[in-house]
Amino acid sequence: MLQQAREILKDSFGYDTFRDQQEEIIQTVLSSQDTLVLMPTGGGKSICFQIPALLSNGLTVVISPLISLMKDQVEALRANGINAAFYNSSLSEIEEREIESDVLSGGIKLLYLSPEKLISSTNSWLSNAKISLVAVDEAHCVSMWGHDFRPEYAQLKEFRDRLSDVPFIALTATADKTTRKDIIKQIGLKQPKVFISSFNRENLSLEVRANIPKKEKMKEIRQFIGDRINESGIIYCLSRKGADEMAQDLKGYGYSAASYHAGLAANKRVKVQENFINDKTNIICATIAFGMGIDKSNVRWVIHNNLPKNIEGYYQEIGRAGRDGVPSTTILYYNLRDLMVLKRFAEGGAKSEVYIDKLYRMLNYAEATSCRRKILLSYFSEHLPENCGNCDVCKNPPTFFDGKIIAQKALSACHRTKQKIGTNMMINILRGSANQDIYQRGFQNIKTYGVGKDVSFKDWQHYSTQLLNQGVFEIAYDESFTLKITEYGRSVLFEDGTIQLTIPTDKPIKEKGAKKASKKKLSPDEELFEVLREVRRDIAVKEKVPAYIIFHDATLKEMASEKPTNQLDMLAVQGISVIKYDKYGKTFINAIEEFNQSKLNTVEATHELYKKGLTVDEICFTRELKQETIFSHLCKLYFDGEKVDIQQFITQAEQAAVIKAHKKIQDFKSLKPYFDFLDSKLPYYKIRVGLTLLAKKAK
Ligand code: ADP
Ligand code: ZN
C-alpha cells in the first residue's frame, strides 16, 4: 500500500518524497483509523486525504467551509488528472444533478461538500453512494473555542454517527489544546491518532521595525518592493483608509497594487482577489479580511504596516507567504500609536481583558531582544532548541549598555516639566530644538534643555520606546498621552535603580546588491524564470485557471535552474506529474530550448565580431554589453575549442596566482571566492580567463 502511495505521490502530484508526517498519516488513514491532523498552513494537509482517496474503492467526501477554496482545490486535482468535484450553493440545479449522477456512477473519487449541503445530501442522494473516507478540513470551525466557529459544522456529528464504519480524518492549521479536545468530541472521532506537526516555517524570515516615521517607512516599503518587481506580496493595514492610502501611494509610483477590505463591493472584492491569484496584480494592501479564501502558493512577502492584534492573527497572516516552501520575507512595522489605537479597540468590547492580554503578548514579540521564532513557537507550545538564524534578532543581535544616564536625562526632562509632556516634546527638549511650542511654554529655560543634543531624534525614539517598555514611563492615555514617571522610573532618576538599553542599529532592509531592482540585471536563471512565467500565464489564461494550478513557482524555479530539455529530466523536477508533463511538458521544453538558443546566439554574435578582428572594447561598444560579459563569451568559446586567444589577457604571474588560489578553493563555479582570496587585486575578468585556461587543461 505504501509503495503505491509513493507512486501516486510521484505520478499524480510530481513529488519525490513525503514531508515529515504525511506518510504516517496516510498509513493511519488507510488502516481505517480516525485521525486528527494539526499542521500549519502550507504544511501539506491535502495530500494526507487525497492519496488515501485515490487508494480507496469508494468515494471520499471532503467537508470544507470555504467555497472559494473548494473550486481551487478541485481544479488543482483535475489538472493532475484526478476526478474531483465540488458540491455547494454556487451550483445550478442542472449542475447538481450532473454531479450527483457522476458520484453515484463512481466517476468521482473526491467530492468537496459544503457543510450547508451536508445533511440535505446525506438524507437524499448521497445515501446511495459508497463512501470510504471522510475528511473534515478546517476542523477547528466545529469548536466554539476556536477562532472561527461555524454553526453548520454541528451537523458533522450526525453524519459521523450515520457512517460509523467509515474512517474520518479531521485537519486544521490552528488549534490549541482545548480546541483540539473539542474537535474530537464534537465530530465524535473514535480514539483518533493525533498528529501534531511543527508550526515552524523555516522559509519565512522574520523582521520587526519599530517607530519608523511614516514618510521613511513608505520609502523603505517602496524600495523593498522595487527590489522585488515581479513578486507577489501582501501589505496588511490596520484600517480601510490605511489600506486605500497605501495602494494609492504605491500605484502612484507605478507599482501594481490594489486595496482590499470589507468596505468594497462584493464583486469588486472578487475581482481584486482574482487578479492577485492570476498574478495580474502583484501587491494587495488589505485589512485582515484578506486571505482567508485564497490558496496562492507564491506569495513571496508579507508586510504588516501596523501592529497586529494578537499573535494568532499575525502568524496566520505571515503564513500566507511562502506556501510553496521557497524562502519568503516578512516584515512587521509598528509604532506606539498602533498600540494606543488597538488598546482603545480592545477596551471597548466584551472579553476586553483577554484581548488586551493578547495585544501585550504581541507587543512583547515585537519588542523582543531574543530569537523571534523561539517566542512565536513558544506561544504555540513548541520549543525550538536553537536560535533560528532567520530572524532579525538572530542576524543582528542587539548590544546592551548601561542606560542609566540616558534614562536620567529623559526622566529629568519629564520631571522638570511637571510630567505634562509627550514623547516628541520630551525629545525636542532633550535635543534643545528651538520650536515654537517650547518657547511658548518656556521649556528652553529648564536645566535639561539641550542635554541630549548629541543623540539623534531617531535614536531618542529608539530609547524612549525601550524606556516605556521597561516601565520607566507610562503613557497617560486620558491626559493627551503625556508621559508619567513610574515608581521604577523614580528609582532610576533619584536612587540606585539600574537599566540596560540596546544600541540602536540601523538594520538595513535592503539586501546586499539589490539596489535599483527595477533596472536590476537578471541572472540567466532569473531571466528564464520570467520567460517560463510568461508561458505559464498564457496557458492559465487559455485554460481559465489560476497560474499556480498549472505549476507552482517552486517548480518553475527548479525548471529555470535545471533547464530540462527531455521527458526524463522534466519529470525529475518537483511538482511535475505525469499528466502535467503530457499536457505542458513540450511547451515548456520548447521555451527552454529557445532560451538556450538565444543565449548561444549571443556568444556567437561576439564570436563573429572577434573573428572580424575587433578588440574587446570595440565588441563591448558594438554590442552594448559589459566587458565582463564579453570576456565570459570569449572564455566559453575558448573552452568549447574555438580559436580564440585568451592567453593574451593575463600575465604569467597572474595565471600562477589563480592556480595557487584554485589549489585552495578547488572549485570553478564562482569567481567571488577567488577575488577575495586574491585580496581584490585581480579583476574578475582576469580570474575568469585564468580559470578557463586551467579548466581547459584539466578537460
Ligand atoms: P495546507 O492544506 O496544509 O495548507 P497544502 O496541502 O495546500 O497545504 O500544501 C501546500 C503546498 O505544498 C502545495 O503546493 C502542495 O502541492 C505542496 N506539497 C504538499 N506535499 C508535498 C510534498 N510531499 N512534497 C512537495 N510539495 C508538497
Ligand atoms: Zn531567530
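The values are calculated or read from the model by the stated rules, or taken from the named source; none is laboratory data. Given the structure is predicted, the values throughout are model-derived calculations rather than measurements. When we count neighbours, we look across all protein chains shown, and the Cβ atoms used for this are built from the backbone with ideal geometry, even at glycine. To get the accessible areas, we keep the full protein, side chains included, count just its heavy atoms, and leave off ligands, DNA and RNA. Shrake-Rupley method; radii C 1.70, N 1.55, O 1.52, S 1.80 Å.
Quick check on my filter: what residues within the stretch 475-485 are of a type outside the set (Gly, Ala, Ser) and surrounded by 14 or more Cβ atoms within 10 Å (Cβ to Cβ)? Correct list: 475, 481, 482, 483, 485.
Might you check whether a residue that is more than 37 Å from the chain's Cα centre (by Cα) and among the charged types (D, E, K, R) occurs anywhere in the stretch 453-466?
The answer is yes, given that some residue of the stretch 453-466 is more than 37 Å from the chain's Cα centre (by Cα) and among the charged types (D, E, K, R).
One residue stands out in the stretch 544-561 among those that are in a helix (DSSP H, G or I) and more than 16 Å from ligand 1 (Cβ to nearest atom): the one that is surrounded by the most Cβ atoms within 10 Å (Cβ to Cβ), namely 560. Of all residues in the stretch 422-452, none satisfies the criterion of being in a loop (DSSP other than H, G, I, E, B) and within 35 Å of the chain's Cα centre (by Cα).
One residue stands out among those in the stretch 23-44 that are at pLDDT 95 or above and crowded, with 20+ Cβ neighbours inside 10 Å: the one that is nearest to ligand 2 (Cβ to nearest atom), which is 37. Close contacts from the stretch 149-162, counting a first residue that is more than 14 Å from residue 137 (Cβ to Cβ) and a second that is at pLDDT below 90 and outside any helix (DSSP H, G or I), with Cβ to Cβ under 7 Å and a gap of 6+ residues or different chains, come to 149/143.
Taking the conditions exactly as written (in contact with a strand residue (DSSP E or B) (Cβ under 8 Å, 6 or more places away or on another chain), open to solvent by 10 Å² or more (accessible area, probe 1.4 Å) and not in a helix (DSSP H, G or I)), does residue 73 satisfy them or not?
Taking the combined requirement at face value, the residue does not satisfy it.
Answer yes or no as to whether residue 595 is among the aromatic types (Phe, Trp, Tyr), within 30 Å of residue 535 (Cβ to Cβ) and in a helix (DSSP H, G or I). The answer is yes for residue 595.
Only one entry in 484, 418, 447 is touching a strand residue (DSSP E or B) at 6+ places or on another chain (Cβ under 8 Å), basic (Lys, Arg) and modelled with pLDDT of 90 or more, namely 484. Tell me, yes or no, whether the stretch 324-336 has at least one residue that is open to solvent by 30 Å² or more (accessible area, probe 1.4 Å) and of a type in the set (D, E, K, R). So far as the stretch 324-336 goes, no, none of its residues is open to solvent by 30 Å² or more (accessible area, probe 1.4 Å) and of a type in the set (D, E, K, R).
Residue pairs whose Cβ atoms lie under 8 Å apart, sitting 6 or more positions apart in sequence or on different chains, and linking a residue in the stretch 1-26 that is in a helix (DSSP H, G or I) to a partner that is open to solvent by less than 50 Å² (accessible area, probe 1.4 Å) and within 16 Å of ligand 2 (Cβ to nearest atom), do not occur here. Residues considered: 678, 637, 614, 682. Of these, the only one that is more than 26 Å from residue 525 (Cα to Cα), of a type outside the set (Phe, Trp, Tyr), open to solvent by less than 70 Å² (accessible area, probe 1.4 Å) and in contact with a Phe, Trp or Tyr (Cβ under 8 Å, 6 or more places away or on another chain) is 682. The strands (runs of 3 or more DSSP E) found entirely in the stretch 155-264 that carry 1 or more residues being within 20 Å of the chain's Cα centre (by Cα) are 168-172, 204-210, 232-236, 257-260. Scanning the stretch 77-101 for residues that are open to solvent by 40 Å² or more (accessible area, probe 1.4 Å) and small (Gly, Ala, Ser) turns up 81, 89, 90, 92, 101. Within the stretch 415-435, residues that are farther than 14 Å from residue 446 by Cβ reach partners that are open to solvent by less than 50 Å² (accessible area, probe 1.4 Å) and among the small types (Gly, Ala, Ser) with beta carbons closer than 8 Å, at six or more positions or on different chains, in the pairs 423/464; 427/452; 427/464. In the stretch 357-410, how many residues are open to solvent by less than 70 Å² (accessible area, probe 1.4 Å), within 12 Å of ligand 2 (Cβ to nearest atom) and of a type outside the set (Ser, Thr, Tyr)? Matching residues across the stretch 357-410 total 17. Within the stretch 271-321, restricting attention to residues that are in contact with a strand residue (DSSP E or B) (Cβ under 9 Å, 6 or more places away or on another chain) and within 16 Å of ligand 2 (Cβ to nearest atom), which residue is nearest to residue 257 (Cα to Cα)? Top of the filtered list is 318.
Yes/no per residue for (1) surrounded by fewer than 16 Cβ atoms within 10 Å (Cβ to Cβ); (2) modelled with pLDDT of 90 or more; (3) in contact with a strand residue (DSSP E or B) (Cβ under 6 Å, 6 or more places away or on another chain):
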site: 162; (1), (2), (3): yes, yes, no
site: 169; (1), (2), (3): no, yes, yes
site: 174; (1), (2), (3): no, no, no
site: 179; (1), (2), (3): no, no, no
site: 218; (1), (2), (3): no, yes, no
site: 228; (1), (2), (3): no, yes, no
site: 241; (1), (2), (3): yes, yes, no
site: 246; (1), (2), (3): no, yes, yes
site: 259; (1), (2), (3): no, yes, yes
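Taking residue 322, is it of a type outside the set (Ser, Thr, Tyr), over 18 Å from residue 465 (Cα atoms) and at pLDDT 85 or above? For residue 322, the condition - of a type outside the set (Ser, Thr, Tyr), over 18 Å from residue 465 (Cα atoms) and at pLDDT 85 or above - is met.
Of 119, 131, all but one fail to be open to solvent by 10 Å² or more (accessible area, probe 1.4 Å), closer than 24 Å to residue 54 by Cα and more than 16 Å from ligand 2 (Cβ to nearest atom); the exception is 131.
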